[in-house]
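All remarks here apply to the structure that follows.
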Amino acid sequence: MTQRPRRHLSLKLLYHYLISKFAYLILIPLLAVASLRLSNLTADDLLALRDHLQNNVVSVILSSTLVLVLSTIYLMRRPRPIYLLDFSCYKPEDSRKVTREIFMERSVLAGTFTEGNLNFQRKILERSGLGQDTYFPEAVLNVPPNPCMAEARKEAEMVMFGAIDELLAKTGVKPKDIGILVVNCSLFCPTPSLSAMVVNHYKLRGNISSYNLGGMGCSAGLISVDLAKQLLQVHKNTYALVVSMENITLNWYWGNDRSMLLSNCLFRMGGAAILLTNRRLERRRSKYQLEHTVRTHKGADDLAYQCVFQKEDETSRTGVALSKDLMAIAGGALRTNITTLGPLVLPMSEQLLFLATLVAKRIFRIKIKPYLPDFKMAFEHFCIHAGGRAILDELEKNLELSDWHMEPSRMTLYRWGNTSSSSLWYELAYSEAKGRIRKGDRTWQIAFGSGFKCNSAVWRSLRSINPAKEKTNPWKDGIDNFPVHVPKVEAIASKN
């Protein structure tokens, strides 16, 4: 079992300890003084207190009633707790595995790419951080390829139903008990919708609250979770099924615009199904409780809006173009997101350090770098969207994370590729398969998406996860082989 990194003793850790225990350090002397005073009370003092209460019975009743009313109002207005009962990640058949060599072979056989762009794709793949066991749908692997609506529907059904079947089997929840359904897929939006496809296949009830999210990019999974959370505050005693996926079949790019070829090299087949509930009785068998969701949207800025953009190239071939400004825009969106998230999750010691540097810079005009909070003080686990090696490198540096913290994201990119909005769940499944999740641990999921958006979700583990007792996990068969070393450049073997 991989061991979590040890924190070395330092002045900063001593400072954090003193601040975190400040309330106890103040409370202990007060309790000592109160205990001393109580020990000096005599029988006459207690009789005098009783007489005082009897003479002011109206005031006592009114005060008690006020406390009772305020407590009731507080309990009624408090948000319902949202539990994650379980989740499942789709694992395609071995026949759909694609090595880097097969990828290049099919790209050559397609006959649409120039020699220069074939070399470009080769270089991207060699530096991508993807391994030899990622998956493609059959329509893209065929020679010649067969991208059509029927094949796209076939891929969608395979991924969605595969993940949902496994989830329902794990939880024992009946389809008729599901009151909320949210399906997200950014680039494939057929009619009837994907959510209608799920309703039809599982014969879900007629009054289900059903939503289908499209065009929202790789962060749509957390948007779906946030939407389900809001709906669960309104609909009592029910379950919410969230399905996150992307569709490759109709969104493979066959042209020669290099900004659009990047997605071919990174995106792979995958999906996840998540079951949420507001039933308090389900807490005992749920895995996690949702503590916070924070959504950041930079779409008002033109550069951010256009940095991930679906369009046609000069030959009328459709693809998704990635801007050279993507990393800078993602960094800005992340800073805005953590500015909102920080006060919700960071210990007071970190918030005081951030406030002190802000005051020194803004008020006293001292030239000092803004203090970057240490989010390792707030979270034990990090699930960062496996969008590509560059994104993971940038967040590792900016958040000052260790290799241990980045391992789930890097291994997900290596094993599954960029599965869009579902990648966060493959990462959480990795931590579970490694036996890392302990009761009380907090996990931060971070995702980026077109628009441009940065979204976060914070989960608290309600119990320790024993991988040996898990019925299914996409990593289960090969988890002992991870982590693996992923070189900066891994050459693709040339076919003789």
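Counting only protein heavy atoms and using a 1.4 Å probe, what share of the accessible area of region 124-258 belongs to carbon plus sulfur, as a whole percent? Roughly 52 percent, rounded to a whole number. Reported to the nearest whole Å, the Cα centre-to-centre distance from region 98-157 to region 403-445 is 25. Farthest toward the positive end of the dipole of the chain, out of 466, 181, 194, is the Cα of 466, where the dipole comes from beta carbon charges about the Cα centre. Across the alpha-carbon set of region 257-400, the Rg to Rh ratio works out to 1.05, Rh being the Kirkwood radius.
Of the GluC sites (Glu not before Pro) in region 268-360, the ones in a loop by DSSP (not H, G, I, E or B) with at most 12 other beta carbons within 10 Å are 314. Highest mean first, the peptides 161-171, 258-268 sorted by other C-beta atoms within 10 Å per residue fall in the order 258-268, 161-171. With viscosity 1.306 mPa s and temperature 10 °C, the Kirkwood radius over alpha carbon pairs of region 335-489 converts through Stokes-Einstein to a diffusion coefficient of 94 µm²/s. On full extension, the segment bounded by residue 176 and residue 328 gains 50.2 nm, given 0.36 nm per residue less the C-alpha separation. Think of each Lys and Arg Cβ as +1 and each Asp and Glu Cβ as -1; about the Cα centre, that makes the dipole of region 228-316 roughly 1100 debye.
When both bridge partners sit in the chain, DSSP labels roughly 70% of those beta bridges antiparallel. Above 24 Å lies some portion of the pair distances; for region 167-299, what is it as a whole percent of all C-alpha pairs? More than 24 Å apart: 36 percent of the Cα pairs in region 167-299. Cross-link reach is defined here as a Cα-Cα straight distance under 26 Å, omitting same-chain residues fewer than 8 places apart; for residue 469 the lysines meeting it are 91, 170, 174, 287, 434, 439.
When Rg and Dmax of the Cα atoms in Å is computed from the coordinates, the matching label among (1) 22.1, 77; (2) 26.7, 103; (3) 23.1, 74 is (2). Radius of gyration over Kirkwood radius for region 311-361, both on Cα atoms: the Rg/Rh ratio is 1.34. Considering only the Cα atoms of region 433-476, their convex hull presents on average a projected area of 4.0 nm². By definition, a body whose alpha carbon gyration tensor gives a ≥ b ≥ c is oblate when a/c is 1.5 or more and a/b is not larger than b/c, and region 270-319 fits this oblate description. Percent of C-alpha pairs per 5 Å bin in region 25-115, short distances first: 2, 8, 7, 7, 7, 10, 8, 5, 4, 4, 4, 4, 4, 4, 5, 5, 5, 4, 3, 1, 0.
Expressed in Å, the radius of gyration and Dmax of the Cα atoms of region 389-474 are 13.4, 41. Based on protein heavy atoms only, region 153-270 ends up with 34 Å² per residue of surface accessible to a 1.4 Å probe.
Amide H to amide H, with H built 1.01 Å from N, residue 239 comes under 5 Å of 179, 180, counting only residues 5 or more places away or on other chains. Using Cβ point charges alone (K and R +1, D and E -1), the dipole size of the chain about the Cα centre works out to roughly 1320 debye. The three principal axes of the C-alpha atoms in region 100-228 carry coordinate ranges of 55, 28, 27 Å, sorted with the longest axis first.
Only the Cβ atoms of Lys and Arg (+1) and of Asp and Glu (-1) were treated as charged; on that basis the dipole of region 215-366 about its Cα centre amounts to roughly 880 debye. Solvent-accessible area assigned to carbon and sulfur over region 327-460 amounts to 61 percent, based on a 1.4 Å probe.
A Stokes-Einstein calculation at 20 °C with viscosity 1.002 mPa s, built on the Kirkwood radius of region 333-392 over Cα pairs, returns a diffusion coefficient of 163 µm²/s. Straight-line cross-link reach from residue 236 at under 20 Å between alpha-carbon atoms covers these aspartates and glutamates, not counting any fewer than eight positions away in the same chain: 86, 177, 226, 282, 291.
The values are calculated or read from the model by the stated rules, or taken from the named source; none is laboratory data. Predicted model only: the values in this text are computed from it and were never measured. Virtual Cβ from ideal backbone geometry, glycine too; neighbours counted across all protein chains shown. Each accessible area value is taken on the protein alone, full model and side chains, heavy atoms only, with ligands, DNA and RNA left out. Shrake-Rupley method; radii C 1.70, N 1.55, O 1.52, S 1.80 Å.
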